[in-house]
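The values are calculated or read from the model by the stated rules, or taken from the named source; none is laboratory data. From a predicted model like this one, the values you see are computed outputs, not experimental measurements. Reconstructed Cβ throughout: ideal geometry from the backbone, glycine too, with neighbour counts over all protein chains shown. Note: accessible area is taken over every heavy atom of the protein model, side chains too, but ligands, DNA and RNA are not part of it. Shrake-Rupley method; radii C 1.70, N 1.55, O 1.52, S 1.80 Å.
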Amino acid sequence: MQRDIVKDRTFLARKSAPATVDDAAVITDLRDTLAAHHDDCVGMAGNMIGSLTRIIIVTMGEEDVVMVNPVIIKRSGMYLTKEGCLSLEDVTRAKRYENITVAWQDDSFRRHVTGYSGWVAQIIQHEVDHLDGILV
Ligand SMILES: [Zn+2]
């Protein structure tokens, strides 16, 4: 089900809790809500649709990949950039890494450890920040 985008900074500043199999509805809602915003959005975190669970969704080429409980376990190649966010009006500076390794679970809760770089890595870092209540 498509949900409204949360813009309340106080809510967005809260830390999200680990996701469990009981949070399957959040996965569906993230897919539906991102699909409705594909024109101007390449990723979302659970709190952006009102759920304080550690689930993000990231557009990777043709596919929207759901990452449950993502943890960035390695980073290299720091750079500074500017980012926008569907939940915020302004574009702000962010510190990002060119290459990251992420431990995560897919939408069937299978575990993966995967390396990402460039644009996709940047989106993942932005969305994982949301899980920790960090806004760009
Ligand atoms: Zn954002």
With the Cα gyration tensor of region 51-96 giving a ≥ b ≥ c as the square roots of its eigenvalues, does the rule (a/c under 1.5 for rounded; else a/b larger than b/c for prolate; else oblate) give rounded, prolate or oblate? oblate
Using the Kirkwood radius over Cα pairs, work out the Stokes-Einstein diffusion coefficient for region 7-136 at 37 °C and 0.692 mPa s, in µm²/s as a whole number. 225 µm²/s
Mean Cβ-within-10 Å packing, highest first, puts peptides 94-105, 117-128 in the order 117-128, 94-105
Could you give the accessible area per residue of the chain, probe 1.4 Å, as a whole number in Å²? 52 Å²
Heavy atoms only, probe 1.4 Å: what % of the accessible area of region 9-131 goes to carbon and sulfur, would you let me know? 51 percent
Explain nothing, just the number: relative contact order of region 9-131, from Cα pairs under 8 Å at least 6 residues apart, as a whole percent. 24 percent
Simple label model, 7 Å out from Cα along Cβ direction - residue 134 to residue 112, nm: 2.3 nm
What length, rounded to one decimal in nm, is gained on full extension from residue 14 through to residue 60, with 0.36 nm per residue of separation minus their alpha-carbon distance? 13.9 nm
Give me the net charge for the shell around residue 93: Cβ to Cβ below 9 angstrom, other residues only, Lys and Arg +1, Asp and Glu -1. +1
